[in-house]
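Note sheet for the following structure.
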Amino acid sequence: METVLKPLIEQRADPYIYKHTDGYYYFTASVPLYDRIELRRATTIAGLATAPTVDAWIKPDTGPYSELIWAPELHFNMGAWYVYFAAAPSREIKDKLFQHRMYAIRNTNANPLEGIWEFMGQVDTGIDSFCLDATTFSHKGVLYYLWAQKDKDIEGNSNLYIAPMKTPWQIEGKPVMLSKPEFDWETRGFWVNEGPSVLRRNGKIFISYSASATDHNYAMGLLVADEDADLLDPAAWSKAREPVFRTCYDHGIYGPGHNSFTYAEDGDTVMLVYHARTYTEIVGDPLWNPDRHTFVKPLRWSEDGMPVFGRPSTL
């Protein structure tokens, strides 16, 4: 019999857990009011649930990044802490989309819950359109930026792009599109590819991502490339035709997605961190429903070295 798990942290969407070399787990996520960047840390994953929170950054009252602070991620790049996040100038919809752009803040203190956070400005991709959900990863000495952005010539809200970085807050070169919404399960409610997260294992690089509307249709897909491939070549990536993680009606877990990966206390077991809802009767726009909760579960692996995501909230 499978064990159903409770959320690790309630009302925290787009969860990101990072295990640092100092022995701490760091957590950040979208808060229900979308008005700040909140951090917490603990020596265990379970400890994050009751760890005190610190407001690293609170949005200004006006300006280009004064509304809807979405999907922060905390990374340690080139000797400093960075939080990447998306923000908009208002809640106004233009051309069927919000007006988000991506931004970065930096903290050079050893403990990012202390010290001063410096606003580094917009992370400009060279494409002036709706964008969000940035993550970074290093591979073979290159720091990469990976994110979701709208292309006016492609149907839908956002596609997935990658580019190398010149600094932890500046990309270098032209963005390369790796994936766009094309399958039925990626285009339910909205045409969306977003929330990418990177995992390296078994000689491969995996990119998980989320697709469709943020209600019970939300589901996760997977891209994979060989670790020796040119990551900036779209042909190096293969895309699963079916979702790898989706709503589980048997367990009452709906719309799992916007995941991150971390490692268990043993330093080897990969843990899947994701948000999901525990009911489907959402009143109004799902965006304003606060009940997307953070869940964590271990990944399993197939004999051919592929991740097995299983079903939401079950071991």
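Tell me the residue from 4, 31 that is of a type in the set (Val, Ile, Thr), closer than 21 Å to residue 294 by Cβ and modelled with pLDDT under 95, please.
Criteria check complete, one pass: 4.
Would you call residue 246 of a type outside the set (Ser, Thr, Tyr), under 23 Å from residue 224 (Cβ atoms) and touching a residue at least 12 places away in the same chain (Cβ under 8 Å)?
yes
Might you let me know whether segment 3-20 holds any residue that is of a type in the set (Asp, Glu), within 30 Å of residue 89 (Cβ to Cβ), in a strand (DSSP E or B) and in contact (Cβ under 8 Å) with a residue 24 or more places away in the chain?
yes
Look at segment 93-124 and say how many of its residues are open to solvent by less than 40 Å² (accessible area, probe 1.4 Å) and not small (Gly, Ala, Ser).
Number of matching residues: 14.
Could you tell me whether any residue of segment 182-194 is open to solvent by less than 30 Å² (accessible area, probe 1.4 Å), under 14 Å from the mean Cα position of the chain (by Cα) and over 21 Å from residue 97 (Cβ atoms)? Step through it out loud before you land on a result.
So the first thing to find is which residues in segment 182-194 are open to solvent by less than 30 Å² (accessible area, probe 1.4 Å), and the list is 185-186, 192-194.
Add one more test, that the residue is under 14 Å from the mean Cα position of the chain (by Cα), and what stays is 192-194.
Then keep just the ones that are over 21 Å from residue 97 (Cβ atoms); that gives none.
No.
Go through segment 208-230 residue by residue and tally those that are surrounded by fewer than 24 Cβ atoms within 10 Å (Cβ to Cβ) and assigned to a strand (DSSP E or B).
6
So which residues in segment 40-66 are within 10 Å of residue 26 (Cα to Cα) and either in contact with a Leu (Cβ under 8 Å, 6 or more places away or on another chain) or in a strand (DSSP E or B) (or both)?
40, 41, 42, 45, 48, listed by residue number.
State the number of residues belonging to segment 97-120 that are within 24 Å of residue 152 (Cβ to Cβ) and without any contact (Cβ under 8 Å) to a residue 60 or more places away in the chain. Break it down into steps so the answer makes sense when it comes.
Here is the first cut: in segment 97-120, the residues within 24 Å of residue 152 (Cβ to Cβ) are 97-103.
Still in the running and without any contact (Cβ under 8 Å) to a residue 60 or more places away in the chain: 98-103.
Here the count works out to 6.
The values are calculated or read from the model by the stated rules, or taken from the named source; none is laboratory data. Model, not experiment: these values are computed from the prediction. Backbone-built Cβ (ideal geometry, glycine too); neighbour counts: all protein chains shown. These accessible areas exclude ligands, DNA and RNA; they are computed on the full protein's heavy atoms, side chains included. Shrake-Rupley method; radii C 1.70, N 1.55, O 1.52, S 1.80 Å.
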